[in-house]
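Heads up, the thing below is written out as structure tokens.
What follows is calculated from the coordinates using simple rules that are stated; it is not laboratory data. No experiment lies behind these values; they were computed from the predicted model shown. Heads up, the Cβs are rebuilt from the backbone with ideal geometry, glycines too, and the neighbour counts pull from every protein chain shown.
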Amino acid sequence: MKTLFKAVPVLAALLYLSTAHALTLTPVKVAPDVYAFIGETGGRTYANYGMNANTGFIVTDEGVVVVDSGAGYLAARAMHLAIKRVTGKPVKYVVNTGGQDHRWLGNGYFREQGAEIIAARPARADMERRSGAQIEALRADLKDRLEGTRPVYPNRLFDQRETLRLGGTEIQLLFFSGGHTPGDSVVWLPQKKVLFSGDLVYADRLLGVLPFSNSRNWLASFEAMEKLKPGKIVPGHGLVCDLDQARRETRDYLRLLRSHMKKSFDGGVDLQTAINRLDQKNFARLRNYETLKGANASQVYLEIEAE
Ligand SMILES: [Zn+2]
């Protein structure tokens, strides 16, 4: 007995240590039974476990649907701990709304819990293409906090549309034409008028046009998404917003980039001059403006050149 009592303080100290270092996530209620985890709007860091994007979940009588599994195994586990504080129902499905690291690298954790993992077909292809580079890049920032993370691909794919019906809740998964990444899709809850837009919508921070983005497809996807007339949008990044804010901060910025660069290119203006002449000041209040504005302008010019 004596030895057992001695062991207790040691064990307590170990538990304390591990909780002191664990990630704690707090969900935001978007609508009845619909929750979002709002990530930081800056970069991926050791402190945020790579969770610089939004994820979320939907609770039904028959189980939970997770929207995006987070940037790694430990981030996914932190999401699950937070979900368990809301409901005792099991996670039945995980939807990956795109192929970017924070949308899917937590899949391995949820697969272990028995969840089926669903994504649009082009998202899986994107994951396969980039998983090695994504994990390598994340490891540089997350170090030991990437522990347990390995690429676990979606085991159920859809082309344009897939409807999940779970416990009386209709959950539509819709792929339009991608945008920020080739496999971007959305999760639409028609009964609640709530849309998880994935990276098709950025709010509060400037979006990024990356080498694997396509601004023309992005705008086409945005238009298709608008037709749903969502009441509330959980954007890929930023606070929960409405359609008007999404139009101002995502659509209007993409339109500005494309119209300016198209006019420049058609008029024989070279890349550097076109960037110098671009007036993006209306978007300067968005976070990450200074770091992204130049690369975005350049990327869209190159895209138009290739069209
Ligand atoms: Zn993202």
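As a test of the formula, what do you get for the chain when each DSSP H run with n ≥ 4 contributes -39,500 (n - 2.57) and the sum is divided by the residue count, at 222 nm and rounded to the nearest 500 deg cm²/dmol?
-12500 deg cm²/dmol
With the Cα gyration tensor of the stretch 16-134 giving a ≥ b ≥ c as the square roots of its eigenvalues, does the rule (a/c under 1.5 for rounded; else a/b larger than b/c for prolate; else oblate) give rounded, prolate or oblate?
The shape class here is oblate.
Over the stretch 180-307, what is the mean sequence separation of C-alpha contacts under 8 Å (at least six apart), divided by residue count, expressed as relative contact order in percent?
28 percent.
Evaluate Rg over Rh across the stretch 25-242, taking Cα atoms for both radii and Kirkwood's formula for Rh.
0.92
Express as a percent, rounded to the nearest 5, the fraction of DSSP beta bridges in the stretch 50-158 (both residues included) that run antiparallel.
30 percent
Which percent, to the nearest 5, of DSSP beta bridges fully inside the chain are antiparallel?
The antiparallel fraction comes to roughly 60 percent.
If the cut-off is a Cα-Cα distance under 26 Å, which lysines reach LYS193, setting aside same-chain residues fewer than 8 apart in sequence?
LYS29, LYS84, LYS89, LYS92, LYS227, LYS229, LYS232
Put +1 on the Cβ of each Lys and Arg and -1 on the Cβ of each Asp and Glu in the chain; which of MET225, VAL201, LEU81 then has its Cα farthest toward the positive end of the dipole?
LEU81
Below 8 Å, C-alpha to C-alpha, sequence gap of six or more: please give me the relative contact order for the chain in percent.
After rounding, I find 14 percent.
Run the dipole for the stretch 36-88 about the Cα centre, Lys and Arg Cβ at +1, Asp and Glu Cβ at -1, nothing else charged, and hand back the magnitude in debye, nearest 20.
Charge dipole, the stretch 36-88, about its Cα centre: 220 debye, nearest 20.
Mind ranking 299-305, 96-102, 144-150, 115-121 by how tightly packed they are, going by the mean number of other C-beta atoms within 10 angstrom, highest first?
Answer by packing, highest mean first, reads 96-102, 115-121, 299-305, 144-150.
Treating only the Cβ atoms of Lys and Arg (+1) and Asp and Glu (-1) as charged, compute the dipole magnitude of the chain about its Cα centre; round to the nearest 20 debye.
Result for the chain is approximately 680 debye, rounded to the nearest 20.
Using the count of nearby Cβ atoms within 10 Å as a rough guide to exposure, how do ASP279, ASP68 rank from fewest to most?
ASP279, ASP68
Amide H of ILE117 versus every other amide H placed in the peptide plane: which residues, excluding those fewer than 5 positions away on the same chain, fall under 5 Å?
VAL94, ASN155, ARG156
With springs connecting C-alpha atoms under 10 Å apart, model the chain as a Gaussian network and identify which of PRO154, PRO32, PRO182 has the largest mean-square fluctuation.
PRO32
Label points 7 Å out from Cα along the Cβ direction at ARG287 and GLU307: separation in nm?
The two pseudo-label positions are separated by 3.1 nm.
So if the hydrodynamic radius of the stretch 115-195 is defined as the Kirkwood radius over C-alpha pairs, what does Stokes-Einstein give as its diffusion coefficient at 4 °C and 1.567 mPa s, in µm² per second?
Diffusion coefficient, whole number: 90 µm²/s.
Compute the distance in nm between two label points, each set 7 Å from the Cα along the Cα-to-Cβ direction, one at ALA47 and one at ALA220.
Here the modelled spin labels are 4.2 nm apart.
Could you run the Karplus curve 6.51 cos²θ - 1.76 cosθ + 1.60 with θ = phi - 60° over the stretch 167-181 and give me ³J(HN,Hα) per residue in whole Hz, x for Gly and Pro?
x, x, 9, 9, 10, 9, 10, 10, 10, 9, 9, x, x, 5, 10
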